[in-house]
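Chemist: Please read through the structure below; I'll follow up with questions.
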């Protein structure tokens, strides 16, 4: 794993993050980029040095990372990296498809006429941005509103506790995701306007599966570069 002197230190905690959250985000990035490999013992001292913290927030981050499935902890031996393979990515995005499909069905059952119009306007907003940052903001506004209109506190809790596989701005890391998401939301909104819950659920599943395939392609490319850099 590259030491702190070899590359810039990661960013400080984002708004709403603890130091342990920032450490966990850093470790997820290292795994996704292939700098931490499956089966490797998590180098806690190197992590602390790279992030510029003590080992205490690193140990706190390990608890969250184990809960999310990124690492496994073996008693008296330490934490070890779990495989981030194609099946893991497919499974995670299949779950996203289920979550958002559930949100779409519940929203159809509960939305008022004004709320439907609000969602249509947010869907229209997604047709305008061209860059990753503005598209991410527009997409976040649409999806969070859909989940809010579903009226399920349990669903919101599950989504908040589900860490993203792709670190940072998804659409900056996976540029083809913009095209997939834009087309998917247009189809989803059309299904919602037609009061077709089954079609909405299937569209969410298909959209997330397409995202998974693109993530796998990006992940393999980055991990191959990381392996080359180590040779």
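Bear in mind these aren't lab numbers, they're just calculated from the coordinates by the rules spelled out. Values in this document were obtained by computation on a predicted structure and should not be read as measured data.
Chemist: If you average the C-alpha positions of the stretch 141-158 and of the stretch 83-102 separately, how far apart do those two centres end up, in angstrom?
Modeler: If we compute the Cα centre of each part, the gap is 18 Å.
Chemist: If one computes the Cα centroid of the stretch 12-65 and of the stretch 166-231, what distance in Å separates the two points?
Modeler: The stretch 12-65 and the stretch 166-231 have Cα centres separated by 25 Å.
Chemist: Sticking with this structure for a sec: Could you work out the per residue convex hull volume over the alpha carbons of the chain, in cubic angstrom?
Modeler: On the way: hull volume 29.9 nm³, N = 231.
So the per-residue hull volume is 130 Å³.
Chemist: Report the residue, chosen from 97, 16, 151, that carries the largest GNM mean-square fluctuation when the chain is represented by alpha-carbon nodes joined by springs under 10 Å.
Modeler: Fluctuation is largest for 16.
Chemist: Here's another thing I want to ask about it. Please report, largest first and rounded to whole Å, the three semi-axes of the ellipsoid equivalent to the stretch 86-222, where each semi-axis is the square root of five times an eigenvalue of the C-alpha gyration tensor. Intermediate results must be reported in sequence, preceding the final value.
Modeler: Values: eigenvalues 112, 56, 35 Å².
Each semi-axis is √(5λ); the values are 24, 17, 13 Å.
Chemist: When the chain is modelled as a GNM with alpha-carbon springs shorter than 10 Å, which of 210, 28, 160 fluctuates the most?
Modeler: So, out of 210, 28, 160, the one fluctuating most is 160.
Chemist: How high is the relative contact order of the stretch 86-222, in percent, with contacts defined as C-alpha pairs under 8 Å that are six or more residues apart?
Modeler: 42 percent
Chemist: Out of all Cα-Cα pairs in the stretch 1-132, roughly what percent, to the nearest whole number, are more than 20 Å apart?
Modeler: Beyond 20 Å sits 59 percent of the P(r) for the stretch 1-132.
Chemist: Quick check on the chain: helices-only [θ] at 222 nm, where DSSP H runs of length 4 and up contribute -39,500 (n - 2.57) each and the sum goes over total residues. Nearest 500, please. Walk me through the intermediate numbers first.
Modeler: On the way: 10 runs with 158 residues, N = 231.
Taken over the chain, the calculation gives -22500 deg cm²/dmol.
Chemist: Mind running the shape call on the stretch 145-200? Use the C-alpha gyration tensor, a ≥ b ≥ c as the square roots of the eigenvalues: rounded below 1.5 for a/c, prolate if a/b tops b/c, oblate otherwise.
Modeler: Taking the square roots of the gyration eigenvalues as a ≥ b ≥ c, the stretch 145-200 is oblate.
Chemist: Once the stretch 111-172 is represented by equal point scatterers at the alpha-carbon sites, with solvent omitted, what log10 I(q)/I(0) does the Debye formula produce at q = 0.23, 0.24 Å⁻¹?
Modeler: -1.02, -1.05
Chemist: Also, I was wondering about something else. In square nanometres and to one decimal, what's the mean projected area of the convex hull around the Cα atoms of the stretch 29-107?
Modeler: Averaged projected area of the stretch 29-107's Cα convex hull equals 6.8 nm².
Chemist: Explain nothing, just the number: relative contact order of the chain, from Cα pairs under 8 Å at least 6 residues apart, as a whole percent.
Modeler: Values: 264 pairs, mean separation 56.6, N = 231.
So the answer I get is 24 percent.
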